Amino acid sequence: MPKALIGKKIGMTRLFAEKDRHVGAGDKVNMLVNEPVTVLEVGPCFVSQIKTEDKDGYNALQLAFGDIKGRNSTMQVIGHDGKAGITPKRIHREVRVDESELGEAELGQEIKVDVFEEIPYVDVIATSKGKGMAGPMKRWGFKGQLATHGVERKHRSPGSVGGRSSNLGTGKPKKGGKKAGQMGNKQVTVRSMEVIAVDKEKNLLLVKGSVPGANQGVVYVREAIRLFKRKVAK
Amino acid sequence: MSQSIIEQIEKSQLRTDIPKLNVGDTVDVHYRIIEGNKERIQVFNGVIIKVENAGLNTKVTVRRIVANEGVERIFPIHSPKIAKIEIKRHGDARRSKLYFLRDRVGKSRRLRDRRRGLQHATVVIGSQKAAKAEAEAQAAAAAEASE
């Protein structure tokens, strides 16, 4: 069973909890905290395709999530999901798995949020809110130019991009510099989010902290691949 | 739809033992304070000048005067740290935020007790109507007698 699911972001709130916290020099104190919590509705997902090394060159399971009416879908999707014996779904996403896990999986198999029950940390992948074309002050936190002292019409401009010598002697600006451009509306991964609670009945997953994207946005949740040192200690 | 899901989650932590608090109420907030291993309760008495409704995170701002200096504290009313909240008086507030109290000095800081409102109005109007009906009845009786 892959420890990964597709879902959607419901929204945020704050919940009271009692946690051990470091206070001052090293002493751990059990105290009341008000934690920021993001509510995610994840699953149920269905296995819509099994990809194997022999056939596809790699081992993976394709998960499908979210019902869609047949008339809003396409014949390709209806046929593809029909092969797995499930109704057409809105979102499909692949999860890489080991060969050993492939044997357990079967087409049309339902995967629910209880796969996260024993897992303390998850990674959440989602598309961030689009900010459109943004200048360097908003996008990269540049300071911009002065408001007065003779500065005219370029208060929010980035300033110099370097001279001939600092640009490798080419006379052209270096590639990959921080400039104005599209901000947001791209895939963002939040690593190692603490799982607060799992609600099997309502398919809810509560994680601590914020998740990229708007409410109702699609999120992909998986078991945390690599933990930060401080979280490993826990 | 999604808001209702969040409300359901918050419901488990909502406190039902807290009375309905209104702007203008004079309250005693009993707040648990932990000092080392000991726990004691501190009472903060003052007037509610603001209620911020936000489900589980509903907060009230309580203002009181300590040593001639205005002190305002914000309490999340559903917090487990609140031992209890007692309403001492219902003040008469005609606006939702009583920020004007910050500029008031001395006796003008006080709020009238709540006398207005529907219940009070019905009593007043009811008694007026009864008096009018009685007067009419008397007039009618007097007219009959004179005939």
## Note on the structure
Filtering the stretch A:179-198 for residues that are open to solvent by 50 Å² or more (accessible area, probe 1.4 Å), assigned to a strand (DSSP E or B) and polar (S, T, N, Q) leaves a count of 3
### Query
Do we have any residue at all in the stretch B:58-73 that's within 30 Å of A:Lys202 (Cα to Cα) and either modelled with pLDDT of 90 or more or within 16 Å of the chain's Cα centre (by Cα) (or both)?
yes
### Message
If I ask for residues that are touching a residue at least 12 places away in the same chain (Cβ under 8 Å) and of a type in the set (Gly, Ala, Ser), which ones from the stretch A:50-71 would you list?
### Response
A:Ala60, A:Ala64, A:Gly66, A:Gly70
### Query
In this structure, is A:Asp54 under 23 Å from the mean Cα position of the chain (by Cα) and more than 14 Å from chain B (Cβ to nearest Cβ)?
no
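Which is part of a strand (DSSP E or B) and more than 11 Å from every other protein chain (Cβ to nearest Cβ), of A:Lys9, A:Lys19? I'd like the intermediate steps shown before the answer.
On the way: A:Lys9 fails: more than 11 Å from every other protein chain (Cβ to nearest Cβ).
Step by step, each of A:Lys9, A:Lys19 is checked, and only A:Lys19 is part of a strand (DSSP E or B) and more than 11 Å from every other protein chain (Cβ to nearest Cβ).
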### Message
With the structure loaded, tell me whether A:Lys69 is open to solvent by 40 Å² or more (accessible area, probe 1.4 Å) and farther than 30 Å from A:Ser210 by Cβ or whether it fails that test.
### Response
yes
### Query
Residues in the stretch B:58-86 that are open to solvent by 20 Å² or more (accessible area, probe 1.4 Å), more than 14 Å from chain A (Cβ to nearest Cβ) and under 25 Å from B:Glu39 (Cβ atoms): how many?
7
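Go through the stretch A:129-150 residue by residue and tally those that are assigned to a loop (DSSP other than H, G, I, E, B) and either open to solvent by 40 Å² or more (accessible area, probe 1.4 Å) or at positive phi (or both). Reasoning before the result, please.
Residues of the stretch A:129-150 that are assigned to a loop (DSSP other than H, G, I, E, B), as a first pass: A:129-131, A:135, A:141-150.
Restricting the remaining residues to those that are either open to solvent by 40 Å² or more (accessible area, probe 1.4 Å) or at positive phi (or both) gives A:129-131, A:141-150.
The qualifying residues number 13.
Let's see how each residue does on (1) closer than 23 Å to B:Val105 by Cβ; (2) open to solvent by 30 Å² or more (accessible area, probe 1.4 Å):
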site	(1), (2)
B:Glu7	no, yes
B:Val29	no, no
B:Ile34	no, yes
B:Lys50	yes, yes
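Taking A:Asp123 as the residue in question, decide whether it is open to solvent by less than 20 Å² (accessible area, probe 1.4 Å), closer than 30 Å to A:Pro44 by Cβ and among the charged types (D, E, K, R). So that I can check it myself, show each step before the final result.
Numbers: open to solvent by less than 20 Å² (accessible area, probe 1.4 Å): yes; closer than 30 Å to A:Pro44 by Cβ: yes; among the charged types (D, E, K, R): yes.
Judged against the criteria, A:Asp123 is a match.
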## Note on the structure
Checked the stretch B:34-57 for anything modelled with pLDDT under 90 and away from every other protein chain (no Cβ under 12 Å); matches are B:Lys38
### Query
List, please: which pairs have Cβ atoms under 8 Å, are six or more places apart or on different chains, and start with a residue in the stretch B:25-40 that is under 13 Å from B:Arg73 (Cβ atoms) and end with one that is open to solvent by 100 Å² or more (accessible area, probe 1.4 Å)?
B:Val27/B:Lys88; B:Asp28/B:Lys88; B:Ile33/B:Glu39; B:Ile33/B:Arg40
### Check on A:Ala214, within 14 Å of chain B (Cβ to nearest Cβ), open to solvent by less than 60 Å² (accessible area, probe 1.4 Å), touching a strand residue (DSSP E or B) at 6+ places or on another chain (Cβ under 9 Å) and not in a strand (DSSP E or B)
yes
### Task
Just name the residue that is most open to solvent (accessible area, probe 1.4 Å) out of those in the stretch B:9-25 that are away from chain A (no Cβ under 14 Å) and in contact with a Leu (Cβ under 8 Å, 6 or more places away or on another chain).
B:Val23
### Message
Taking the criterion of being open to solvent by less than 80 Å² (accessible area, probe 1.4 Å) and at pLDDT 90 or above, would at least one residue in the stretch A:157-165 satisfy it?
### Response
yes
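Answer with yes or no whether A:Asn34 is closer than 23 Å to B:Pro76 by Cα, surrounded by fewer than 12 Cβ atoms within 10 Å (Cβ to Cβ) and within 11 Å of chain B (Cβ to nearest Cβ). Show your work before the answer.
Details: closer than 23 Å to B:Pro76 by Cα: yes; surrounded by fewer than 12 Cβ atoms within 10 Å (Cβ to Cβ): no; within 11 Å of chain B (Cβ to nearest Cβ): yes.
Answer is no for this residue.
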## Note on the structure
Only one of (1) of a type in the set (D, E, K, R); (2) out of contact with any Leu (no Cβ under 9 Å at 6 or more places or on another chain); (3) surrounded by 15 or more Cβ atoms within 10 Å (Cβ to Cβ) does not apply to A:Glu101, and that is (2)
### Query
Pick from A:Lys19, A:Lys3, A:Lys28: which is open to solvent by less than 60 Å² (accessible area, probe 1.4 Å) and not hydrophobic (A, V, I, L, M, F, W, C)?
A:Lys19
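Kindly indicate whether A:Leu205 is part of a loop (DSSP other than H, G, I, E, B) and either within 14 Å of chain B (Cβ to nearest Cβ) or of a type in the set (A, V, I, L, M) (or both).
Numbers: part of a loop (DSSP other than H, G, I, E, B): no; either within 14 Å of chain B (Cβ to nearest Cβ) or of a type in the set (A, V, I, L, M) (or both): yes.
Judged against the criteria, A:Leu205 is not a match.
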### Message
Can you find a residue that is within 25 Å of the chain's Cα centre (by Cα), within 25 Å of A:Asn215 (Cβ to Cβ) and buried (at least 18 other Cβ atoms within 10 Å of the Cβ) anywhere in the stretch A:84-91?
### Response
yes
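The values are calculated or read from the model by the stated rules, or taken from the named source; none is laboratory data. Small disclaimer: the values here were computed from a predicted structure and weren't measured. We place every Cβ from the backbone using ideal geometry, glycine too, and count neighbours over all the protein chains shown. Heads up: the accessible areas ignore ligands, DNA and RNA and are worked out on the full protein's heavy atoms, side chains in. Shrake-Rupley method; radii C 1.70, N 1.55, O 1.52, S 1.80 Å.
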